[in-house]
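Take a look at the structure set out below.
No lab work stands behind these numbers, since they all come straight from the coordinates. Since the structure is predicted, the reported quantities are computational estimates derived from the model, not experimental observations. All Cβ positions, even for glycine, are placed from backbone atoms using ideal geometry, and neighbour counts span all protein chains on display.
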Amino acid sequence: MNSKIKLALEKIVGTTNILTQDLNPFNTDWMNKYVGSSEIVLTPQTTDQVSQILRFCNENALKVVPQSGNTGLVGGSVPIKDEIIISMRKMNKIYEFDLNSAIITSDSGVILENLNNYLFQYKYQMPWDLGARGSCLLGGNISTNAGGLNVVKHGLLRNYVLGLEVVLPNGKILNLLNKNRKDNTGTDLKQLFIGSEGTLGIITKANVLCIPIPNEKKVFFLELKSFQDVIKVQGFIKQIRNEQLLAFEFMEGKILHKNKHRHSGNKLPFEFQEDKYYVLLEIAGQSLNVDQFSLDMMEFTEEIVMDQSEKEAQFLWKLREEIAESMGKMGYVLKYDVSIPPDKFEWLVNEIYPKREGPFHVYYGHVGDGNVHINIVFESLSELHKEEDKIEQKLFGLVKSQGGSISAEHGIGQHKRKYMELQKGRDVLGCLSEIKSLFDPNGIMNPNKLL
């Protein structure tokens with residue numbers, strides 16, 4: 001790093017907000033798959049500092065990578081080369097919660113779990129939930145339009161973001177903050193930044209509409225004989241009890257069976273047989289008829305487990321949420337999240353690996369909103385790289401043939417960038433590139449990501 005550049009940046013943020021040593025956690029993504037070589041990390045504490053940083057970098061053709069919690073799975077928040085990392089972790093102030101409108105105003109660097117802890121005193125919560133809730137940041141959630149566990153109930157994140165403050169690549173501060181539920185005053189410009197993965201600007205503040213904490217929640221775990229039974233359960237719930245459904249998660253028995261050793265001190269809800277299929281259901285509402293719901297589910301299974309306490313509910317959820325982490329410890333993993341009709345989940349995996357042969361692989365995910373995760377484990381990184389392109393060309397081609405999406409919630413980042421034309425088409429991709437050029441003509445923002 002040029003010493004003059006370093007001194008100029010140090011003048012903007014101060015000596016305590018510039019890092020030049022022990023940068024591996026910032027340069028490396030969550031899966032240890034993407035590793036950059038940035039020599040400097042800036043940790044601004046104010047919007048004005050972010051503005052000055054971007055103005056300086058834009059004027060000097062210095063490329064930057066905005067970084068939130070760095071929990072992404074597609075290499076979108078780490079540098080490809082030696083770009084300057086702008087970490088938002090110190091912009092972590094919650095300004096207010098308006099109880100009349102149920103809107104929270106916060107810096108973008110607040111951890112999702114901390115937002116929920118703050119809202120708990122008002123009996124409200126954030127409208128989305130993620131497995132990385134303890135480390136992911138609000139700005140990263142918004143810039144990737146994060147999905148998560150409750151989309152089936154509450155819909156997409158972007159529907160709850162009412163306002164944003166964004167710093168553009170030239171340093172201009174764009175005030176799009178808004179606490180009105182209804183605002184029909186032309187193009188909703190903030191929507192361009194939601195899901196743009198830090199390629200158009202840096203989100204510094206947000207107004208988010210929150211939801212009441214339900215009076216009652218219950219978690220159910222079902223053991224089923226086939227994936228067809230999973231789809232039957234889904235169809236029944238959609239017809240009868242869709243308004244109460246908070247989450248509908250599906251898991252193959254083979255991964256739960258493999259993870260049994262992680263819980264030697266706990267009583268598992270089932271023996272977790274490899275050839276069985278398991279469903280976690282969470283229902284919520286102001287008044288639940290739990291006994292009737294259990295009877296309804298017994299039509300599809302011989303046994304059903306229901307939480308008897310908050311601690312048991314958390315343990316049942318842990319069995320689902322730990323899958324991604326446990327797969328990462330088995331070897332080198334390719335992780336895919338795609339959207340297709342739920343009744344095509346099994347078909348898709350069998351098309352990739354006929355008769356389920358090949359390396360260890362599992363599928364699981366959010367049946368309620370058509371989002372399936374496919375994880376494939378390889379013994380070596382070289383083997384992974386050898387098979388990666390072949391798998392992706394086939395997988396994404398099949399997904400597109402079903403009218404699906406190559407990314408349901410993880411985003412594009414570095415990983416899926418070359419498949420954007422397949423997903424969007426040349427004309428749409430060209431339009432997106434023109435928008436990028438309009439906001440970032442010098443191409444300094446998160447280069448070689450998304451587009």
Dipole of the stretch 216-320, Cα-centred, from +1 at each Lys and Arg C-beta and -1 at each Asp and Glu C-beta, to the nearest 20 debye? 420
Please report how far the C-alpha centroid of the stretch 13-52 lies from that of the stretch 284-314, rounded to the nearest whole angstrom. 46
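Tell me whether the stretch 3-87 comes out rounded, prolate or oblate; compute the Cα gyration tensor, take square roots of the eigenvalues as a ≥ b ≥ c, and use a/c under 1.5 as the rounded threshold.
Cα axes put the stretch 3-87 in the prolate bin.
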On each of the three principal axes of the Cα atoms of the stretch 325-401, give max minus min coordinate, whole Å, ordered largest first. 33, 25, 20
Amide H within-cut-off set for residue 124, under 5 Å, with H built and near neighbours excluded: 213
Round to the nearest 10 and give me the degree value, 0 to 90, for the angle of helix 426-439's Cα axis relative to the longest principal axis of the chain. 40
The alpha-carbon center of the stretch 207-232 and that of the stretch 384-451 are separated, in whole Å, by 31
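Answer rounded, prolate or oblate for the stretch 263-320, using the Cα gyration tensor with square roots of eigenvalues a ≥ b ≥ c: rounded when a/c is under 1.5, else prolate when a/b is larger than b/c, else oblate. Could you put the intermediate results ahead of the total?
Values: a/c = 2.27, a/b = 1.25, b/c = 1.81.
Verdict is oblate for the stretch 263-320.
Under the rule a/c < 1.5 gives rounded, and otherwise a/b versus b/c splits prolate from oblate, where does the stretch 50-133 land using the Cα gyration tensor? Could you put the intermediate results ahead of the total?
Values: a/c = 3.75, a/b = 1.87, b/c = 2.01.
Verdict is oblate for the stretch 50-133.
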How would you rank 384-391, 198-205, highest first, on the average number of other Cβ atoms within 10 Å across their residues? 198-205, 384-391
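Once every DSSP H run of n ≥ 4 in the chain is given -39500 (n - 2.57) and the sum is divided by its residues, what mean residue ellipticity at 222 nm do you get, rounded to the nearest 500 deg cm²/dmol? Before the final figure, lay out each step's value.
Numbers: 15 runs with 140 residues, N = 451.
Rounded to the nearest 500, the figure is -9000 deg cm²/dmol.
If you wrap the chain's Cα atoms in a convex hull and average its projection over all directions, what's the area in nm²? Write out the running numbers ahead of the final one.
Working: hull surface 89.4 nm².
Quarter of the Cα hull surface area: 22.3 nm².
Sort 338, 362 so that the residue with the fewest other Cβ atoms within 10 Å of its own Cβ comes first and the one with the most comes last.
Details: 338 26, 362 20.
Result, fewest neighbours first: 362, 338.
Only counting other Cβ atoms within 10 Å, I'd like 43, 187 sorted with the fewest neighbours first. Can you show the working numbers first?
Values: 43 21, 187 7.
Listed from fewest to most nearby Cβ atoms, that is 187, 43.
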Least to most buried among 258, 238 (fewest other Cβ within 10 Å first): 238, 258
Debye, to nearest 20: dipole size of the stretch 94-212, +1 on Lys, Arg Cβ, -1 on Asp, Glu Cβ: 220
Note down the magnitude of the dipole of the stretch 171-224 about its Cα centre, charges +1 on Lys and Arg C-beta and -1 on Asp and Glu C-beta and zero elsewhere, to the nearest 20 debye. 300
Would you mind calculating the relative contact order of the chain from Cα pairs under 8 angstrom and at least 6 residues apart, reporting the percent as a whole number? 16
Residues whose placed amide H lies under 5 Å from that of residue 178, excluding near-sequence neighbours: 163, 164, 207
Using a cut-off of 14 Å between beta-carbons, work out the net charge of the residues near residue 419 (Lys and Arg +1, Asp and Glu -1, residue 419 not included). +4
